[in-house]
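A quick write-up on the structure given underneath.
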Amino acid sequence: DEFATAEAALGDDALRDVAKASSAAARLSQMTERLYEHASVGTTALRPAQVAMDALIRELIDEYGRADLPFDARVGALPPAWGDPALVRTVVENLLGNAVKFSRTRTPPRIQIGHDAERGYFVRDNGVGFDPAHAGQLFTPFHRLHREDEFEGHGLGLANVRRIVHRSGGEITADSELDAGATFYFPLGAPSRK
């Protein structure tokens, strides 16, 4: 077999270099895909509609359960949202995914999803949190508050969430303390009556 012969001829150092190059190429491909998604979030035509947030949240929690990513989920009363259904799903997927990721070191990981009359929907976790002094940097593309070897990611998810919520007429905010979890608030209200 040609591959086995080439592999044997390369030696351990060369094989490690090939593995590193392959891994870097895969990361670059993922980054390119994320950049495309980030660009399209700002230019995609919006198709606003009512979104049943309770059904969306339950569906996403079931998906995480099927992916064997267990966590204790508590879901409060969720009024319907108003927005482009695909983009609302992107917001919730990113925030729920981050909550799962950053609380996976907890026993058990706990995530609460609810609605606050003043600040909108929220996703709260008991994860590692972040320094509140750096909260403004959370939504900057490619800016990470945790090292990549601690938590995987590209640094575009929250930037996309911010763009979507902003296009929907709201502002996403976050509260946290180091090692004390985080809460992300995002308003997605009723259509304007102007």
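The values are calculated or read from the model by the stated rules, or taken from the named source; none is laboratory data. From a predicted model like this one, the values you see are computed outputs, not experimental measurements. Every residue, glycine as well, gets a Cβ built from its backbone with ideal geometry; the counts of neighbours run over all protein chains shown. Side chains are part of the model used for accessible areas, which takes the heavy atoms of the whole protein and leaves out ligands, DNA and RNA. Shrake-Rupley method; radii C 1.70, N 1.55, O 1.52, S 1.80 Å.
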Long-range HN-HN contacts of residue 104 with modeled amide H, under 5 Å
none
Rounded to the nearest 10 Å², the accessible area of residue 140 using a 1.4 Å probe with every protein chain kept is 60
Return the distance in nm (one decimal) between the two label points of a simple spin-label model at residue 59 and residue 93, each offset 7 Å from Cα along Cα→Cβ.
1.1
Full-stretch length increase - residue 49, residue 72 - with 0.36 nm per residue and alpha-carbon distance subtracted
5.3 nm
Amide H of residue 49 versus every other amide H placed in the peptide plane: which residues, excluding those fewer than 5 positions away on the same chain, fall under 5 Å?
83, 84
Residue-wise, which Karplus ³J(HN,Hα) couplings in Hz belong to region 90-97, taking 6.51 cos²θ - 1.76 cosθ + 1.60, θ = phi - 60°, and x for glycine or proline?
4, 4, 5, 4, 5, 5, 5, x
Which ³J(HN,Hα) values, rounded to whole Hz and listed in residue order, are derived for region 123-136 from phi using the Karplus coefficients 6.51, -1.76 and 1.60 in 6.51 cos²θ - 1.76 cosθ + 1.60 with θ = phi - 60°, glycine and proline given as x?
10, 10, 10, 10, x, 6, x, 7, 5, x, 5, 9, 4, x
Under the Karplus relation with 6.51, -1.76 and 1.60 and θ = phi - 60°, whole-Hz ³J(HN,Hα) for region 71-84, x at Gly and Pro, equal 7, 8, 9, 10, 10, x, 5, 10, x, x, 9, 10, x, 5
Taking square-rooted eigenvalues a ≥ b ≥ c of the alpha carbon gyration tensor, is region 57-113 rounded, prolate or oblate, where a/c under 1.5 means rounded and, failing that, a/b exceeding b/c means prolate?
prolate
